[in-house]
Amino acid sequence: MTSTRGRLCAALAVTLVVLASPTATAQAAVPTGGASAVLSRMTLAQRVGQLFMVGTPATAAGSSTLSAISAYHVGNIMLTGRSHDGTAAVAAVTGALSARVTTSSTYGVPLFIGTDQEGGLVQVLSGPGFSTMPTALTQGTWSPTNLRTWATTWGRQLRTAGVNVNLAPVMDTVPLAYAAYPPIGYYRREFGHTTSVVASHGTAFVAGMSTAGVVATAKHFPGLGRVTANPDTTSRVTDRVTVRHDAYLWPFAAAVSYGVPFLMMSTAYYQRIDPYHPAAFSPTIIGGMVRGDLAFRGVVISDDLSNAVQVAAWSPASRALQFINAGGDMILATNPAVLPAMYGAVLARAQANAAFLSKVDASALRVLTAKQNRGLIPRAT
C-alpha cells in the first residue's frame, strides 16, 4: 500500500509540474511577430499591466493577485513569504496564476513569475525538489565555475516549479566595517567584501541561472553595502559615500557586460549622487547612470514600492509615477492592495501625456523583449 501510494504521489507531482508550465499554458495564444508586434496589438491597459510585478504568497495564488492579472492586466508576479512544500506545491501555485493568462488579460503573453532565491536566510522556496542554498557569503568562497554549476541546478529547480525569474543575485559589496549592518551584511547576503569577488561570483550566479532559462536580477543599484539600516523597515536610509563613478559599482557593470536581463534599483538615498530622491525615483541614477554610464538596455525593476517604510511618505500613485518618470520599467509591489492606485495613476498619465506614454511604451517593449528572449513570446520570422 505504501509503495502504491508513493507511486501515485510521484505521478501527481509530475502532472502538476506539467500543468503549471507557464510557457505551455499560454504561449499558443501569443501572436507571432515578436515583441514589437505584440506591443503594437496590445491595448494601452495591457501595456501598462506589463509594467507591474505583484506579490502573492508562495503557498497560494491569492485572490487579489489573481484579480490583478484579470482586471489590471498584470504581466508579472512575485512569490513572497516562504514555502517549505517543494516544487510540486509551488508548481500548483504558478499553474493557477498562469491559468489567468488570456487574450483579454495579458493579450496571451505569459507571466514572468519571480521570487527571492538567493540562499541562506533569503530562500523563499524550499522542500522536496529544492536544494538548501548556503548564504551568498559562503557561495563566494567557492570557485566561480562551481558556483555557476550550482546556480544552474538551482535555476532548473525553479523552472520545474514554474518560476522563470530570480530576484537575485545581490551585487552589493559590503566592506568589513559594514558587515554587521542590515540589510546585506548582517544576513550574509553579499558574495564577499571586495568588488572583485562580488563581480566574479555574481556573474557566475547570473550565468548559471541563464543556462537554466531563468532571468537573473542584479540588485540593489547603486548598492546597499554601505548603509546601516534596511529601507524596507526604516525611513531616510542614506548612503553617504558612494559617488557616481564609484569603484563599488564595478560588480553591477560586470553583470551588465555579461548581459543580466534585470537590474533592481535600491530605494536608499545617495547623498553624493542625488540627495533629493531615493535611487528608484532618481533620473540622475536611472537615466544617467544605469542607461548612460552602464549602457544597460534591459529591464529596470524597482525594489518593493508597496510596503517599504523608505517610500511611505509618498502615495502609492506618486511612487509609481516617479519610478516610471525616472526611467524605470517594472514596479515591484509585493502587496497587491496598492495596485489599483498605482495602475490607475500610470494609465491615466499615459492617456493624458504623450511624453509619459512614450516612456510606458518603451518600458513595456523592454519587458516583452525580455520575455521573447526567454522563449515566452515567439520571435519574428
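Go ahead and run the numbers for FRET between residue 351 and residue 235, Cβ-Cβ distance against an R0 of 30 Å, rounding to 0.05. Mind showing how you got there, number by number?
Values: r = 33 Å, r/R0 = 1.09.
That gives a FRET efficiency of 0.40.
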Rounded to the nearest Å, the spacing of the alpha-carbon centers of the stretch 90-123 and the stretch 253-280 is 25
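Roughly how many debye, to the nearest 20, is the charge dipole of the stretch 45-161 about its Cα centre, given +1 on each Lys and Arg Cβ, -1 on each Asp and Glu Cβ, and no other charges?
On the way: 6 positive and 3 negative charges, 44 e Å.
Dipole of the stretch 45-161, to the nearest 20 debye: 220 debye.
Between residue 84 and residue 312, how high is the FRET efficiency from 1/(1 + (r/R0)^6) when r is the Cβ-Cβ distance and R₀ = 41 Å? Nearest 0.05. Write out the running numbers ahead of the final one.
On the way: r = 31 Å, r/R0 = 0.75.
The pair residue 84/residue 312 has a calculated efficiency of 0.85.
Would you list 264, 342 from fewest to most Cβ contacts within 10 Å?
On the way: 264 24, 342 27.
With the sparsest Cβ surroundings first, the list reads 264, 342.
Which FRET efficiency, nearest 0.05, do residue 196 and residue 103 yield, Cβ-Cβ r, R0 51 Å? Don't skip to the end; give the middle numbers.
Working: r = 49 Å, r/R0 = 0.96.
Step by step, r from the Cβ atoms, then E = 0.55.
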What is the sum of charges, Lys and Arg at +1 and Asp and Glu at -1, for the other residues whose Cβ falls under 13 Å from the Cβ of residue 313? +2
Which of the listed residues, 37, 357, 126, is farthest toward the dipole's positive end in the chain, when Lys, Arg count +1 and Asp, Glu count -1 at the beta-carbon? 37
To make sure I understand, if each residue's beta carbon is the centre and we count other beta carbons within 10 Å, what order do 126, 282, 143 fall in, fewest to most? 143, 126, 282
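Residue 44 to residue 337: extension gain in nm, 0.36 nm per residue of separation minus the Cα-Cα distance? Before the final figure, lay out the partial values.
On the way: separation 293, 0.36 × 293 = 105.48 nm, distance 2.18 nm.
Taking residue 44 through residue 337 to full extension adds about 103.3 nm, to one decimal.
Please report the relative contact order for the stretch 2-373, taking Cα pairs under 8 Å with a sequence separation of at least 6, and give it as a percent rounded to a whole number.
Rounded, it is 16 percent for the stretch 2-373.
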Along the Cα-to-Cβ line of residue 67, 7 Å from the Cα, sits a label point; which residues in the stretch 330-344 have backbone N less than 18 Å from it? 333-344
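About its Cα centre, how strong a charge dipole does the chain have in debye, to the nearest 20, once Lys and Arg get +1 and Asp and Glu get -1 at the Cβ? Before the final figure, lay out the partial values.
Working: 26 positive and 14 negative charges, 115 e Å.
Approximately 560 debye in magnitude.
Working out 0.36 nm times the residue gap between residue 362 and residue 149, then minus their Cα-Cα distance, what length gain in nm do you get to one decimal? Mind showing how you got there, number by number?
Values: separation 213, 0.36 × 213 = 76.68 nm, distance 3.46 nm.
Residue separation times 0.36 nm, minus the Cα-Cα distance, leaves 73.2 nm.
Read-outs throughout are calculated quantities, based only on the coordinates presented, and are distinct from any laboratory measurement. All figures in this text were calculated on a predicted structure; none of them were measured in a lab. Cβ coordinates were reconstructed from backbone atoms using ideal geometry, including for glycine residues, and neighbour counts include every protein chain displayed.
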